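Values in this text are rule-based calculations from the coordinates and carry no lab data. All figures in this text were calculated on a predicted structure; none of them were measured in a lab. Methodologically, a virtual Cβ is constructed for each residue, glycine included, from the backbone with ideal geometry; neighbour enumeration extends over all protein chains shown.
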Amino acid sequence: MPGKRKRVRIAWTAAALATLATLTTAALTPAPATATGPRQAGSYDIQRCGNTSNRVLLTFDDWSYDNSKRAVQVGEYLQGKGIRAAFFLINEYASQYPGTVDTLRRQGHYVGNHTWSHPHLPQLSEQEVRTEISKGVASTLLRPPYGDFGERETRIAAELGYRMCTWTIDTLDWDGPGGSRTASQIRAAVKDAPAADKRGGVVLGHLFTRYPDVLPDIIGDLRGQGYTFCRNTGATTRNIPAVLKC
């Protein structure tokens, strides 16, 4: 798999997070700060992923190496808050825990395709791109790894039944070894983002960082600023609508 990635086991508590410095693992390369593909595909806004509401969509990429527990815990927490999120899982790992995708969808969340092994798609042959997408989590939304894609990748994705989905706010939670950006930095990245990126926007974070731990603060901050979140209205399926149900 191109690049290196930190395979980090992150516990749900702040105390366990302090042990990250002692972990020795193989690397997990995160997404860059800015997606490289086009912002629009016809009337569909790739950065907003079909979110035409004024509500904020929280999203979670990659995988957490405490098996599937963290994704399910995050999903349960947000369900309890009445919030629908979107999870983009690397299927090389998610496929080892097939119940995770079904559980997240039962919790009322969207689950999208983040490819099989998280490569830079533009660096692959056309057939390799097709294979990476085809082996990903079955869905209708594709988040290209690293936000790295172009017209060719958009075309191939469409031929396979996918729309591209990036983001308007990058928390930069991935920045540093193993996603070592602090909770306060992640919180500020969302709180201080431009209003236009928050209203009807899409927040990018990862399951292997502190982003899930700072969710209560992010939710509180945005609600305090007058924003609302994509509403959790019940179970979803693999077919995510072109206009998100928020």
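How big is segment 41-224 by the Kirkwood estimate over distinct Cα pairs, in Å?
Taking every pair of different Cα atoms in segment 41-224, averaging 1/r and inverting gives 16.5 Å.
For Asn54 paired with Ser125, estimate the spin-label separation in nm (one decimal), with each label point 7 Å from Cα along the Cα-to-Cβ line.
Label-label distance for Asn54 and Ser125, simple model: 5.1 nm.
For the residue pair Arg231 and Lys191, what label-to-label distance in nm results when each label sits 7 Å from Cα along the Cα-to-beta-carbon direction?
2.8 nm
Under 5 Å between amide H atoms, partner at least 5 residues away or on a different chain: which partners does Val137 have, H built in plane at 1.01 Å?
Sorted by chain and number, the residues that satisfy this are Asn91, His114, Thr115.
Using modelled amide H (1.01 Å from N, peptide plane; none on Pro or chain starts), what sits under 5 Å from the amide H of Thr171, excluding residues fewer than 5 places away?
So Thr171 has HN proximity to Leu204.
Place the peptides 203-213, 96-106 in order of packing, highest mean first, counting for every residue the other Cβ atoms within 10 Å and averaging per peptide.
The peptides rank, most packed first, as 203-213, 96-106.
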